[in-house]
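The values are calculated or read from the model by the stated rules, or taken from the named source; none is laboratory data. Not measured: the values here are computed from a predicted model. Counting neighbours? That spans all protein chains shown, and the Cβs are built from the backbone with ideal geometry, glycine included.
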């Protein structure tokens with residue numbers, strides 16, 4: 001092995017150590033608390049798309065959603081569309097999509113319900129009345145992105161969760 005190869009290997013090793021020492025993680029990789037490697041995921045009937053996105057994101061974080069000692073319950077999902085700007089003919093020229101999700105995390109069988117957490121995400125887009133089909137597709141894509149972003153934010157927030165000491169029902 002030549003001197004140049006040895007130097008390259010040492011530089012690569014030093015860079016790797018520096019990156020891991022600063023807390024660097026790849027986007028989407030989450031270190032979950034020990035009690036959250038399996039949980040029960042429940043969503044309202046109309047939130048199947050959000051449930052699928054949450055299950056996918058949790059799966060990437062090595063969390064099973066087939067049942068566990070902890071329940072992640074989505075209590076509300078709401079998408080609203082507001083006109084942000086109108087053109088000179090008083091027609092909508094720009095819209096804002098507002099996506100809100102309420103959820104709670106609590107031990108399964110808890111006597112005390114967990115505190116409800118809320119997320120509100122917004123996306124704006126231009127609306128062109130001459131290209132209605134393209135704009136409908138754009139809106140659907142934005143809604144999918146909002147769900148994906150909400151799922152990632154929920155999972156990031158789960159990393160800091162610790163179960164309340166007095167909320168678990170003792171086994172008989």
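Report the residue count in the stretch 10-61 for those that are at pLDDT 80 or above, farther than 20 Å from residue 150 by Cβ and loosely packed, with under 12 Cβ neighbours inside 10 Å.
Adding up the residues that qualify gives 1.
Can you tell me how many residues within the stretch 124-137 are modelled with pLDDT of 75 or more and either under 26 Å from the mean Cα position of the chain (by Cα) or in a strand (DSSP E or B) (or both)?
Of the residues in that region, 4 qualify.
Can you tell me which residue is modelled with the highest pLDDT among those in the stretch 138-165 that are surrounded by 16 or more Cβ atoms within 10 Å (Cβ to Cβ) and assigned to a loop (DSSP other than H, G, I, E, B)?
161
Each row is one residue, and each column tells you yes or no for (1) at pLDDT 85 or above; (2) assigned to a strand (DSSP E or B).
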residue	(1), (2)
85	no, yes
99	yes, yes
102	yes, yes
111	no, no
119	yes, yes
122	yes, yes
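Give me the pairs: first residue in the stretch 120-149 and farther than 23 Å from residue 90 by Cα, second residue part of a helix (DSSP H, G or I) and at pLDDT 85 or above, beta-carbon distance under 7 Å, and six or more apart or on different chains, which are they?
Every condition considered, the pairs that remain are 121/146; 121/149; 121/150; 147/49; 147/50; 147/53; 148/53.
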